[in-house]
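Some notes on the structure that comes next.
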Amino acid sequence: MKAIRQKVNGIILEDEQGSLLWDESADPLYLRYAFVTLGPEEHILPALLLDDWGNEVKGLGLYEWVEENGLYFPRAEMFGFKPSGRKTQIFLRELDLVLKYRCYAYPTAETPLANGRLIETIYLPDNSITEPTPTKRPSNAPRLLSKAAVRWFKNPA
């Protein structure tokens, strides 16, 4: 069982706020999107889901399934990991399905979960500006990033 991941191109920045430079010409890296639990707001990185009839939902389609069906299947079980890498199992009714996903970045597909970086800001290179400027998510960015708790900025290249 492995946590679901999405391949993108960019650079994980070594700063205090958890930033990523979105750059199509950079090497690949991997994003994982965590659901947030009700109450203690723990992060859960999903691997698979079993609905009420035992049907498995895997891959990036799991997020869409939860968006469309999560409220109707509170007893569906999600199997996954905490960001520390510890396995966990949770019912959908224990998740806050309104909060945006937490986004973790990993430099390689083999990077242990515990070494992921929580991303809060994504920068887009832009030679036409002199200081970071808030912007919208680019149209070529994955749809899941529109549902992630990240801020987008243009950044001087």
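The values are calculated or read from the model by the stated rules, or taken from the named source; none is laboratory data. Remember, predicted model here, so these are calculated numbers, not experimental data. Positions of Cβ are backbone-derived with ideal geometry, glycine not excepted, and every protein chain shown enters the neighbour counts.
Observations on the structure shown:
- Residue count for region 143-157, restricted to those that are surrounded by 15 or more Cβ atoms within 10 Å (Cβ to Cβ) and either of a type outside the set (Lys, Arg) or in contact with a helix residue (DSSP H, G or I) (Cβ under 8 Å, 6 or more places away or on another chain) (or both): 9
- If only residues of region 54-90 that are touching a strand residue (DSSP E or B) at 6+ places or on another chain (Cβ under 6 Å) and of a type in the set (Phe, Trp, Tyr) are counted, the one that is nearest to SER146 (Cα to Cα) is TRP65.
- Taking region 20-31 as the range and being out of contact with any Lys or Arg (no Cβ under 6 Å at 6 or more places or on another chain), exposed (fewer than 12 other Cβ atoms within 10 Å of the Cβ) and at pLDDT 95 or above as the test, only ASP27 passes.
Yes/no per residue for (1) hydroxyl-bearing (Ser, Thr, Tyr); (2) more than 30 Å from PRO138 (Cα to Cα); (3) in contact (Cβ under 8 Å) with a residue 12 or more places away in the chain:
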{"residue": "GLN6", "(1), (2), (3)": "no, no, yes"}
{"residue": "TYR30", "(1), (2), (3)": "yes, no, yes"}
{"residue": "PRO40", "(1), (2), (3)": "no, yes, no"}
{"residue": "GLU56", "(1), (2), (3)": "no, yes, no"}
{"residue": "LEU60", "(1), (2), (3)": "no, no, yes"}
{"residue": "GLU64", "(1), (2), (3)": "no, no, no"}
{"residue": "LEU92", "(1), (2), (3)": "no, yes, yes"}
